[in-house]
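*Asks:* Dropping a structure here in structure tokens format, bear with me for questions.
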Amino acid sequence: MKLLSILLCLDLVASLNILITNEQAIDTPIVRKLHRVLSKSHKVVSVVPKRKITPGNSIYINGSPFLSPTDTIASESIPDFPEYEEVERDVWSLDANVLGSVLFGLDFILPTKYPGLEIDLIIAGPRTEPSAGPFANLLSGVFSVMRFGMLRNIPTVAISSIPDLYADDPKVDDLYVEYCSSFINALHEMASVGNDRILPKFSGLNINFPLIGMDRYGCDRPLWQETKEVGGYAQSPSIIEVDGKYRIVNAYSIRDQKDKNSLFSELSSLDTCHVGVTFYSDYEDSWSELSRLLSQMNRDFKRRKTLLTQSAELKLVNQIHA
């Protein structure tokens with residue numbers, strides 16, 4: 001009995017507390033699929049827009065206009081003004097865009113519905129448009145969520161992809177979910193060795209998938225590749241309480257181009273058969289563990305691919321000689 005208790009404690013320590021959000025509506029299949037797959041190994045809470053609302057880089061909640069830095073909300077009305085519901089266990093839907101969803105999730109749903117639960121990781125996406133380059137990133141809701149996570153010092157991963165003509169094909173969604181969950185689990189496994197955080201402080205990752213599957217012959221199984229940012233302008237909305245009222249505020253920043261000549265830029269990587277991963281931080285130019293993680297994932301992938309090929313060849317030989 002004592003051994004069982006120890007094992008249960010170790011399992012709790014080993015899992016992550018994850019908040020998932022997305023620019024897509026709650027009824028988009030990939031939203032639920034990613035939640036269910038990650039829930040097998042981690043504690044996952046999803047807070048997702050009831051419908052897709054653009055733009056994603058502003059704050060929209062419950063039919064109000066996009067809130068500006070001067071808008072205020074009475075603190076006593078916070079529980080009532082958003083229309084929200086739990087559509088299935090730990091999956092919440094509300095009338096908000098992606099930034100409004102993550103703000104309300106962190107500042108109301110988690111403290112009231114999951115008291116004591118501290119989020120280890122925010123996952124924003126997958127988005128069905130790329131978040132690569134200064135202009136696209138400025139308009140991207142999932143990228144804005146990543147910048148917001150950096151502001152709050154919560155490790156955040158933004159996930160985007162090139163629009164797929166076969167987006168309604170369940171196999172495409174399954175491929176994205178497989179890649180995303182594998183990356184999160186590998187990131188967690190690496191971070192659990194001597195680290196108390198899944199990412200360095202005040203940092204985030206921006207992931208961009210290339211065109212894959214039926215839309216691009218020969219790129220059904222892309223490898224991972226570290227990419228670099230090229231600078232640009234960014235703003236990160238947040239909420240602070242002043243004199244009993246919640247105020248929307250924005251933190252503005254100009255990001256310098258990173259001097260990493262050996263790496264593809266986020267935009268350039270979209271033209272290759274690679275999943276680009278860019279490290280963002282306001283304090284560090286690079287994170288050495290990222291290249292090690294991606295190299296290990298690529299080695300593991302190639303090893304599995306070789307084993308599958310050998311197994312298929314052996315099966316074919318046996319059929320011929322049967």
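The numbers here are math on the coordinates, done by the rules we state, and not lab data. All values reported here derive from a predicted model rather than from experimental measurement. Ideal geometry is used to build each Cβ from the backbone, glycine not excepted, and the neighbour counts take in all protein chains shown.
*Asks:* Pulled fully out, how much extra length does the chain show between residue 302 and residue 186, if you take 0.36 nm times their separation in residues and subtract their Cα-Cα distance?
*Replies:* 40.2 nm
*Asks:* If R₀ is 30 angstrom, what is the calculated FRET efficiency for the pair residue 114 and residue 36, using the beta carbon separation as r and rounding to 0.05? Don't skip to the answer; put the middle values down first.
*Replies:* On the way: r = 18 Å, r/R0 = 0.61.
The pair residue 114/residue 36 has a calculated efficiency of 0.95.
*Asks:* Let me ask something additional. Quick one: length gained pulling residue 286 to residue 219 fully straight, 0.36 nm per residue minus the C-alpha distance?
*Replies:* That pair, residue 286 and residue 219, stretches by 21.3 nm at full extension.
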